[in-house]
Amino acid sequence: MNEARRRLADELYARSKEHDESRSDRLERFRNVEPPTAELLGVLIRATGARRILELGTSNGYSTIWLADAAEATGGTVISVDVDGGRTGLALENLRRAGLAERAELRTEDAAETLARSADAEWEFVFLDAERPAYPGYVPALVRTLAPGAVLAVDNVRSHEHELVEFTSLIEAEAALTHTVVPVGAGLRLAVMDRQSPR
């Protein structure tokens, strides 16, 4: 990420954190990933050369900026979805400021609908950072839509481990996925789809 874009991302993160600290209702907070997590996501996209990138949970676009910046490097694009139209609008404004609006398509829709409409093996990188109670229901479609060699990244797996017990059990039971938890930010689970996995 170039210096100007990084400065913009840093300013957005700082403003978002200040906003969140003034809100008692978690649904009113932006709940952005921590900067080291965002940087790791960008590195992983570059390392894998992922071009078909899906983000479930846009918020105000802080993480989307990092994903789209990496997509620019790989020649890819990001589809990012959120159920809150207001958040989608904020994210689009922030992506435009970062010069990345052409790299990301923002949709106001439910993540389950997005996954249901996705083709088999469509996604080369998926970042999941949405409403955690819904995660177990996503697992079959997530597995179906991951391309061979694709990466699934899931945030908050340490900070909210107790909320992800069922999801974690389902993901760990998938024989086609190799996974680990990286102690960065709130905890990031990384799962990679086997390249030889039958589709």
Among the residues of region 70-111 satisfying the criterion of being acidic (Asp, Glu) and out of contact with any helix residue (DSSP H, G or I) (no Cβ under 6 Å at 6 or more places or on another chain), which is farthest from Arg46 (Cα to Cα)?
Asp84
Which numbered condition trips up Val43, out of (1) surrounded by fewer than 19 Cβ atoms within 10 Å (Cβ to Cβ); (2) of a type in the set (A, V, I, L, M, F, W, C); (3) at pLDDT below 95; (4) farther than 21 Å from Arg132 by Cβ?
(3)
Take residues that are more than 18 Å from Arg103 (Cβ to Cβ) and out of contact with any His (no Cβ under 7 Å at 6 or more places or on another chain) and tell me which of the helices (runs of 4 or more DSSP H) falling wholly in region 1-74 contain 3 or more.
3-21, 35-48
Working carefully through the options Ser59, Ser63, find the one that is open to solvent by less than 70 Å² (accessible area, probe 1.4 Å), at pLDDT 95 or above and hydroxyl-bearing (Ser, Thr, Tyr).
Ser63
Flag if Glu105 is open to solvent by 80 Å² or more (accessible area, probe 1.4 Å) and assigned to a helix (DSSP H, G or I):
no
Given the condition part of a strand (DSSP E or B) and surrounded by 15 or more Cβ atoms within 10 Å (Cβ to Cβ), answer yes or no: does some residue in region 154-164 qualify?
yes
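The values are calculated or read from the model by the stated rules, or taken from the named source; none is laboratory data. None of the values given here were measured: they were computed from a predicted structure. Neighbour counts are summed over all protein chains in view; Cβ atoms, including those assigned to glycine, are modelled from backbone coordinates with ideal geometry. With ligands, DNA and RNA removed, areas are computed over all heavy atoms of the protein, side chains included. Shrake-Rupley method; radii C 1.70, N 1.55, O 1.52, S 1.80 Å.
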